[in-house]
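The values are calculated or read from the model by the stated rules, or taken from the named source; none is laboratory data. Given the structure is predicted, the values throughout are model-derived calculations rather than measurements. Cβ atoms come from the backbone with ideal geometry, glycine included; neighbour counts cover every protein chain shown.
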Amino acid sequence: MIRYLINFIFPPRCAGCDARFPIESRERVCVTCRASVERLSAPLCHTCGVPIELSLEAEQNRTFRECSATPPHFTMARAIARYRSIEEAYAPLPSIIRRHQYGRDQALTHALAEFLDDPIPLADNDYDLIMPVPLHPERLRWRGFNQAALLAATVARRLRRPLDVRSLARSRATAPQTAKDRRDRHRNVCDAFTVHRSAQLANRRVLLVDDVMTTGSTADECARTLLAAGARRVDVLALARVI
């Protein structure tokens, strides 16, 4: 009844295209906007999750040479959709992500959650903890919330696993990664994270959640820190992947 009254006063609209929903709707993103995203589908690199061209090498091990030569600290990374920040400047998913990050609108979390696949691509693994990529306290105060933590909470509910937002922290403020190349991104986040409760991580399988993954440098440094603190395995789930 309360939801109906709220929807009557503030008619629900799609967070992507502003199309109006029926007054009884619980949706935040319309079918057209959900269908507009480019889902990442097989064949994928087994490690980093980036789509690969089928070749003899790919058919044999499904792993990029770079991932084989210099493996990341996470075991496996997967993303739901492709994020092309220039070509899709006004596409629904990138638009909602940017408004969520910089417009400081927590309500958009529910819209982003509707882009998550069901089942989640990594749900085959029996994780012990779901954990977001943390924000530095200064950034958290400015934004008011950690968008990765809100998404991680949705993933934790779906997988019925505990959400841990306290054990991993960003101990050093870092410059934005946007304009940096792969090497500079790695240097930027090196030793930027710390673990507060290592006992909580002992021999645990952790699923690390973020909204956007670019080169994977941030996720890799988080995974390195978690493994050094005693975690058994770290996988990564991102809503979107810049490719």
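The table for this structure:
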item	result
Within the stretch 108-135, tally of residues that are more than 24 Å from Glu27 (Cα to Cα) and buried (at least 17 other Cβ atoms within 10 Å of the Cβ)	10
Those residues of the stretch 213-230 which are in a loop (DSSP other than H, G, I, E, B) and touching a Ser or Thr at 6+ places or on another chain (Cβ under 9 Å), in sequence order	Thr214, Ala229, Gly230
Single residue of the stretch 101-147 satisfying the filter (among the small types (Gly, Ala, Ser) and part of a helix (DSSP H, G or I)) that is farthest from Glu221 (Cα to Cα)	Ala111
Exclusive hit being assigned to a loop (DSSP other than H, G, I, E, B), farther than 23 Å from Ala19 by Cα, at pLDDT below 80 and not assigned by TED's automatic domain parsing to the domain that holds Ala19, set Thr63, Thr47	Thr63
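Listed here are the residues, each with its yes/no results for (1) among the hydroxyl-bearing types (Ser, Thr, Tyr); (2) at pLDDT 90 or above; (3) in the same structural domain as Pro94 (by TED's automatic domain parsing); (4) closer than 25 Å to Ala107 by Cα.
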| position | (1), (2), (3), (4) |
| --- | --- |
| Asn146 | no, yes, yes, yes |
| Ser171 | yes, no, yes, no |
| Asn188 | no, no, yes, no |
| Ala199 | no, yes, yes, no |
| Ala202 | no, yes, yes, no |
| Thr225 | yes, yes, yes, no |
| Ala228 | no, yes, yes, no |
| Val236 | no, yes, yes, yes |
